[in-house]
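Q: Structure provided below as structure tokens; questions to follow.
Computed from the coordinates by the stated procedures, all read-outs in this text should not be read as laboratory data. All of these numbers come straight from a predicted model, not from anything done at the bench. So basically every Cβ, Gly included, is an ideal-geometry build from the backbone, and we count neighbours across all protein chains shown.
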Ligand SMILES: N[C@@H](Cc1ccc(O)cc1)C(=O)O
């Protein structure tokens, strides 16, 4: 008889609360800079940093270790929480309508592990009189997001530092009794800042991470952002890849690409795209919002709605979609990955971890980035409550519904019940929401004290505008889209391409 323990799956539940979804308040996943820079949060940030550090150091063979959890995304292609005979492949869903929903339980798993480590491993280290207060801080803690689409975006301060900020170091020493030491020569501080990079004692090749896309991920003992292009025998490149490089200024530069332009107030390239994503009425179909490669099934209601007049589109590709849908959550997400990791299309640079999906999840910044993606999904859901994977269901009716497809390898309980897109649609059931989505606030009540959906949605839109709407230029009331098709992997395409477009008003 096999013991239950060997066949039980890991239940991903989120951090427990008793809140009723979309009714009672739930803790917020905070914006990382605001959260860290508030000295009142120093103990909670210290709790998080210590738990993440511990998580990263758990035995790489442990199913619930950082290494194994990050390894779900791509390499080393190991089955996770599934029988060993299942070929794990790359579990991550990209180029798929499941892209947004697959990453929701993935992030939840990461958040839950950090919470468990806080409770089981970190709080017991604190002085007894501090423990009840720390327990409350852990219960109200939620994973932070990094908004890379705001004006004057930068890599979060805490991510940039190999050392921890003063307030947090003080809290580590004062509350947890952690011996904070500074190496007078290197300036390195113990414990390390686990948000700066993920470091391994031996080259990652030893743990099953091979060369990928000709980049030497196997020799790396640390994740990298904007490492040099690697050539066999180049000693300097080899050393940098081995020890890891964090060229965060290059990340900032890439993210600000369009801000250097006409006006300092110009939103970032990504800001404009995020604004388009979240503008009401932009999307008729969830699939167009969700992914770069969603094609409405031929003959389905969405394909018919998208078709032009007979003959009009002879020269266009079959997957042409109306201009309003020419960006997607996955597309802005891809741009951010390349901007953060460093791109092989830039002269001299290799592909840092974040730019290669097979190992991106090992860079701790991946999680801050994906928390932001989940936030954008939640805001979009709030603004488009009727849109979901339903149009794709038509396509899949013979083989089962897309919205009911398992988001492998994530389970809702110990009994192998898989998560599906429908099961993760309501995020507040997992005990979190985002600062823009506080449905319980009194300002969303009407005269009779009843929740007003209209007031709420209007306010969410207002907040989106304040964060991402272009602040310069004269508004014509039109949204012009110029569709240029090019091969994004042509080497040496400059990171920003200017196009002069002449718009001629039709006066007939
Ligand atoms: N491969 C994606 C970028 C990407 C990188 C890392 C990821 O984890 C995910 C996506 C693209 O084609 O643009």
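Q: Between residue 293 and residue 160, what length comes free when the chain is fully extended (0.36 nm per residue of separation minus the Cα-Cα distance, one decimal in nm)?
A: 44.5 nm
Q: Continuing with this model, one more query. For labels at residue 125 and residue 443 in the simple 7 Å Cα→Cβ model, what's the distance in nm?
A: Going by the 7 Å Cα→Cβ label model, 4.0 nm.
Q: Taking the Cα-to-Cβ direction at residue 7 and at residue 40 and moving 7 Å from each Cα, how far apart do the two end points lie in nm?
A: Distance between label points: 5.1 nm.
Q: Now for a separate question. Hey, with R₀ at 25 Å, roughly what FRET efficiency would residue 463 and residue 422 work out to, going by the Cβ-Cβ distance, to 0.05?
A: So, using R0 = 25 Å, E works out to roughly 0.35.
Q: Taking the beta-carbon count within 10 Å as an exposure proxy, list 50, 75 from fewest neighbours to most.
A: 75, 50
Q: Give, in nm to one decimal, the length gained when the segment between residue 206 and residue 135 is fully stretched (0.36 nm per residue of separation minus the Cα-Cα distance).
A: Gain on stretching residue 206 to residue 135: 21.8 nm.
Q: Give me 224, 328 sorted ascending by neighbouring Cβ count inside 10 Å, so fewest comes first.
A: Listed from fewest to most nearby Cβ atoms, that is 328, 224.
Q: On to the next question. Using the count of nearby Cβ atoms within 10 Å as a rough guide to exposure, how do 15, 23 rank from fewest to most?
A: Ascending Cβ contact count within 10 Å gives the list 23, 15.
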